[in-house]
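Values in this text are rule-based calculations from the coordinates and carry no lab data. Predicted, not measured: the structure shown is a model, and the values here were computed from it. Neighbour counts are summed over all protein chains in view; Cβ atoms, including those assigned to glycine, are modelled from backbone coordinates with ideal geometry.
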Amino acid sequence: MTGASGRSASPAVTRAAAILTRLAAEPGRPVGPSELSRQVGVPKSTVLNVCAALVEAGLLSRSGEGYELGGRLAELGHAYLAGVTEVEVFHRLCRERYPQTSRTVQLAVLGDGASAVYLARHDGRDPLHLGLAAEIGRSVPAYCTASGKALLAALDESGLATRVPADGALEPATTASLSTVDGLRDDLRATRDRGYATEDGEIVDGLCCVGVAVRTPRRADGLVGLSFTSMRRAADDPASTAAELRELAGVFAARIGGGLAY
């Protein structure tokens, strides 16, 4: 948090958050205090003091000569997700509607910038091996995923402009990913026109998804996204799959006091 001067109202907390964010960018790789000092822009002595406090709180752990995320963060993350009404409703609805399905259903929200974060996933009887691209809590490029594009399509132009790079270039995840903001805008217009977003090998080769956005009164940006995910099959019918997803999203929206975004 910063005041009118632009300075943090609590520098120690701000530095702790910066260190945690940096370590979260490469989970599993211990980072030493000298490297952390350079990357977060604070003196090494300050890094050592902040990290010592975070280790004591269980938010970091020592590993060799460096630090990595601590187990206490998993507890806090679980507590956060347990308190998110949308996650509870999502899991309950998926158990009701898809107890034996082979389909994977995912719930996402917009993160920082042009990113999306998965809050929950319901795996069918044949779970897909999606790897890091679909880890709960992981941030991925929103413009590469169906749920992310569905969420971006629900923003107005000013809201979108604050999230995409000013130079108009997007970093693709695969050869099929969108690579320009102009291309993204065209995709988002098509998404709004048909009522759902599509994804075809844009985050993981061979993966196809459809996604829709739902408005909710419980989030600051008022949006959550749902998607159906499958490996590419010649017989897949995106329009039929999207109709099924929109029906599910409508029930989901009614239960959280919201509605479809478009």
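Numbers below:
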read-out: Options 142, 190, 71, ranked by Cα towards positive dipole end of the chain, top entry (Cβ charges); value: 71
read-out: Exposed-loop-free span, longest in the chain, where GluC sites (Glu not before Pro) count as exposed if DSSP calls them loop and at most 14 other C-beta atoms lie within 10 Å; value: 136-262
read-out: Test item: Cα-centred dipole of segment 141-262, Lys/Arg +1 and Asp/Glu -1 on Cβ, debye; value: 540
read-out: Descending semi-axes in Å of the chain, equivalent ellipsoid built from Cα gyration tensor; value: 35, 21, 19
read-out: Most mobile of 243, 108, 52 in a GNM of the chain (Cα contacts under 10 Å); value: 52
read-out: Charge-dipole axis of the chain as Lys and Arg at +1 and Asp and Glu at -1 on Cβ define it, positive-most pick from 220, 208, 24; value: 220
read-out: Size of electric dipole in the chain: Cβ of Lys, Arg +1 and of Asp, Glu -1, about Cα centre, debye, nearest 20; value: 660
read-out: For q = 0.21, 0.23, 0.31 Å⁻¹, Debye-computed log10 I/I(0) when each Cα of segment 31-85 counts as one equal scatterer; value: -0.75, -0.83, -1.15
read-out: Helix-only [θ]222 nm of the chain, DSSP H runs n ≥ 4, -39500 (n - 2.57) each, per residue, nearest 500; value: -12500 deg cm²/dmol
